[in-house]
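The values are calculated or read from the model by the stated rules, or taken from the named source; none is laboratory data. Bear in mind that the values here come from a model prediction, so they are computed numbers and not experimental data. We place every Cβ from the backbone using ideal geometry, glycine too, and count neighbours over all the protein chains shown. These accessible areas exclude ligands, DNA and RNA; they are computed on the full protein's heavy atoms, side chains included. Shrake-Rupley method; radii C 1.70, N 1.55, O 1.52, S 1.80 Å.
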Amino acid sequence: MSNSMPSVFFGHGNPMNAVQQNEFTNGWRRIAASILKPRAILAISAHWFLSATAVTIARAPRTIHDFGGFPAELFRVQYPAPGDEWLARRVRSLLHPYKVDFDDGWGFDHGTWSVLRHAYPNADIPVVQLSINEAHPASFHFELGRQLAPLRREAVLVVGSGNIVHNLHA
């Protein structure tokens, strides 16, 4: 058995998965139950896409409802997991010499909270989000991932979330 946390990619699909129980959400629960409980989670969501590399540093990140046209029930969902200043600073340190901004205004977009509310419903594990930098190619992000690998040996679960397409009618 490895002494490292895995890294996991969750295809989060339709935002309504956040309030449903189905084969996807059951799978997310099973994945979380099959590994040791992490001390923290670093989430990289396809929905935090900007012209910079940034990491959240807020103590109590807000739940962002970054979508429209869905039932009110979905907009009432909150995921009150704490942030983690130590993890934000560790991410910045590991990514040196790249410029990494601290961001205390972003929170958890639905790419993060819609999955974590099923995988870790108690919201008792600190979560930090890392942006995707649209100004750089995939090779840049691959290098960031390589530099972040030591987190896995520090009991940090690295989670990616997104999908190739967002066909909400399928």
(request) Spot the failing condition for ALA52; the list is (1) over 24 Å from GLN147 (Cα atoms); (2) among the hydrophobic types (A, V, I, L, M, F, W, C); (3) over 16 Å from the mean Cα position of the chain (by Cα); (4) modelled with pLDDT of 90 or more, and only one is missed. (result) (1)
(message) Among the residues that make up the stretch 24-35, is at least one of them touching a Phe, Trp or Tyr at 6+ places or on another chain (Cβ under 6 Å), in a loop (DSSP other than H, G, I, E, B), of a type outside the set (Ser, Thr, Tyr) and closer than 20 Å to LEU151 by Cα?
(response) no
(request) May I ask you to list pairs of residues, at least six apart or on different chains, whose Cβ atoms are under 8 Å apart, with the first in the stretch 96-124 being at positive phi and the second being part of a loop (DSSP other than H, G, I, E, B) and crowded, with 20+ Cβ neighbours inside 10 Å? (result) ALA123/TYR79; ALA123/ALA81
(request) Quickly run through the stretch 125-144 and pick out the residues that are touching a residue at least 40 places away in the same chain (Cβ under 8 Å) and either assigned to a strand (DSSP E or B) or loosely packed, with under 14 Cβ neighbours inside 10 Å (or both). (result) VAL127, VAL128, GLN129, LEU130, SER131, ILE132, ASN133, GLU134, ALA135
(request) Mind counting the residues in the stretch 78-116 that are in contact with an Asp or Glu (Cβ under 8 Å, 6 or more places away or on another chain), more than 13 Å from ALA60 (Cβ to Cβ) and assigned to a loop (DSSP other than H, G, I, E, B)? (result) 1
(message) Take TYR98 and tell me if it is touching a helix residue (DSSP H, G or I) at 6+ places or on another chain (Cβ under 8 Å), closer than 23 Å to HIS12 by Cα, modelled with pLDDT of 95 or more and not charged (D, E, K, R).
(response) no
(request) Return the pairs, sorted by first residue and then second, in which the second residue is polar (S, T, N, Q), the first residue lies in the stretch 65-93 and is open to solvent by 90 Å² or more (accessible area, probe 1.4 Å), the beta carbons are less than 9 Å apart, and the residues are 6+ apart or on different chains. (result) GLN78/THR63; PRO80/THR63
